Amino acid sequence: MSRTFLGLPRLVRRERASLAATLLAPPIALIITVILNLGLYVVMGRDPAAVVYAMLIEPFVSWASFSEVLLKTGPLLLIAQGLAIGFRAKVFNIGAEGQFVLGAIFASAIPIWWPGATGQWIWPAMLLLGTIGGAFWASLTAFWRVRLNANEILVSLMLSFVAVQLLNYLLLGPWKDPNGFNFPQSVMFQYDAMVPNLVEGTRVNVSLILALLLSIAAWVFIQKSFIGYKLQVGGLAPRAASYAGFRESRAIWLSLLIGGAAAGLAGAAEVAGPLGQLQRSISTGYGYAAIIVAYLGGLHPIGIIISAIVMAALYIGGDNAMVSANLPVAAVRVFQGSLLLAYLVAIAFTRYRLAWRPAAARSAT
């Protein structure tokens, strides 16, 4: 009599990914993340019900709090849509935070150098300069990747730290406000250097409209344009793309420039919007959080809109939890990181399934 014992499981690729499972992956990941973090809050001695209410419900209970969610949705959505185009082409721009900072620096040059300038041309010019600044910073990564075959993940990430140090130099040196009581910040920007608000009594500004327009443009670019099609083919089947004449270097340049321009635009809108001056606090982690937003949205423009709202709510909810539930900021970061990890696990099982590898058969009498 023989018995077959099960060995270790292995992942087997499915013939076709389940559409229903793909759509359910983000909410399942959110539920798993909440359950895991509830255990963490209990271990930390915090009231888990109070933390969940502050993080996930309170941002939506009043217009004042929800308007702040919309405010943070703008930069997250802008950056994530730009990054997703590169990610689909397997070009991994991890340095959007630095490109965001460079966009803010470039945009701030106008009100800092010409504080007395007036006219409705100022804030559009700032947004344009910010877009150029972000694209320029991303082009450094593209150059090193194409010319020297340097890893774009490492190069773009290291350049983010360089961008922060450049920001510190400017705010502690030539761009420091002489009347700012020695704080590392620039002068306050004039009225015409501020982007218009969309809703009176809130801080929601035109950057949200720009983010939605970019989302539409991203959908058209990916779904309807030949260039977008080439980028997707290059990411899914690089050998086939090369055989068809699709140049990898062009895909790298285009992906990084789009991502950098979007991040730079978000940085410009931040200093010309809620901040109203260049500060060291401009580097708030939007560039890193946008990576989570892009993947949580399945790298699809519509999914990214939803995930950007969720991540923005977590930003506001995290601030609420730190005040009302005495939650440390590190726990908020853990929640965001575990959300990405849970999503990656959930989405993996839409493309793969577990198969048990049989061990050697044993005979018994």
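The values are calculated or read from the model by the stated rules, or taken from the named source; none is laboratory data. A quick note: this is a predicted structure, and the numbers were derived from the prediction, not measured. Here the Cβ positions follow ideal geometry from the backbone for every residue, glycine too, while neighbour counts run over all protein chains shown. Please note that ligands, DNA and RNA were not included when accessible areas were found on the heavy atoms of the full protein model with its side chains. Shrake-Rupley method; radii C 1.70, N 1.55, O 1.52, S 1.80 Å.
Are any of the residues in segment 238-255 part of a helix (DSSP H, G or I), acidic (Asp, Glu) and modelled with pLDDT under 90?
Initial filter on segment 238-255 (part of a helix (DSSP H, G or I)): 238-243, 248-255.
Add one more test, that the residue is acidic (Asp, Glu), and what stays is 248.
Applying the additional criterion that residues be modelled with pLDDT under 90 yields 248.
There is at least one residue in segment 238-255 that is part of a helix (DSSP H, G or I), acidic (Asp, Glu) and modelled with pLDDT under 90.
List the number of the failed condition for Ser139; all other conditions in (1) crowded, with 17+ Cβ neighbours inside 10 Å; (2) in contact with a Gly (Cβ under 8 Å, 6 or more places away or on another chain) hold.
All conditions are met except number (1).
Of (1) under 21 Å from Gly285 (Cα atoms); (2) exposed (fewer than 15 other Cβ atoms within 10 Å of the Cβ), Lys224 satisfies all except one. Which?
(1)
Taking the stated definitions as given, is Leu339 of a type in the set (A, V, I, L, M, F, W, C), touching a residue at least 40 places away in the same chain (Cβ under 8 Å), out of contact with any Phe, Trp or Tyr (no Cβ under 9 Å at 6 or more places or on another chain) and open to solvent by 60 Å² or more (accessible area, probe 1.4 Å)?
For Leu339, the condition - of a type in the set (A, V, I, L, M, F, W, C), touching a residue at least 40 places away in the same chain (Cβ under 8 Å), out of contact with any Phe, Trp or Tyr (no Cβ under 9 Å at 6 or more places or on another chain) and open to solvent by 60 Å² or more (accessible area, probe 1.4 Å) - is not met.
Quick test of your reading of the structure: Val310 fulfils all but one of (1) in a helix (DSSP H, G or I); (2) open to solvent by 70 Å² or more (accessible area, probe 1.4 Å). Name the failing condition by number.
All conditions pass for Val310, except number (2).
Please go through segment 196-212 and give me each residue that is open to solvent by less than 30 Å² (accessible area, probe 1.4 Å), assigned to a helix (DSSP H, G or I) and not polar (S, T, N, Q), ordered by number.
Leu208, Ala211
List, please: which pairs have Cβ atoms under 9 Å, are six or more places apart or on different chains, and start with a residue in segment 163-179 that is assigned by the TED database to the domain that holds Trp113 and end with one that is open to solvent by 50 Å² or more (accessible area, probe 1.4 Å) and assigned to a loop (DSSP other than H, G, I, E, B)?
That search, which allows pairs on different chains as well, returns Leu170/Lys176; Leu171/Phe183; Lys176/Asn182; Lys176/Phe183; Asp177/Phe183; Asp177/Met188.
Tell me the residue from Ala109, Ala138 that is aliphatic (A, V, I, L, M), in a helix (DSSP H, G or I) and under 17 Å from the mean Cα position of the chain (by Cα), please.
Every option except Ala138 fails the conditions.
Could you tell me whether any residue of segment 175-193 is within 21 Å of Ala107 (Cβ to Cβ), of a type in the set (Gly, Ala, Ser) and part of a loop (DSSP other than H, G, I, E, B)?
yes
May I ask you to say which residue of Gly98, Gly86 is within 21 Å of Ile258 (Cβ to Cβ), modelled with pLDDT of 95 or more and open to solvent by less than 30 Å² (accessible area, probe 1.4 Å)?
Of Gly98, Gly86, the one residue that is within 21 Å of Ile258 (Cβ to Cβ), modelled with pLDDT of 95 or more and open to solvent by less than 30 Å² (accessible area, probe 1.4 Å) is Gly98.
What number goes with the only condition from (1) open to solvent by 10 Å² or more (accessible area, probe 1.4 Å); (2) hydrophobic (A, V, I, L, M, F, W, C); (3) more than 14 Å from the chain's Cα centre (by Cα) that Met126 does not pass?
Every listed condition holds for Met126 apart from (1).
Ser281 - would you say it is assigned to a helix (DSSP H, G or I), among the polar types (S, T, N, Q), open to solvent by 20 Å² or more (accessible area, probe 1.4 Å) and assigned by the TED database to the domain that holds Ala109?
Criteria met by Ser281.
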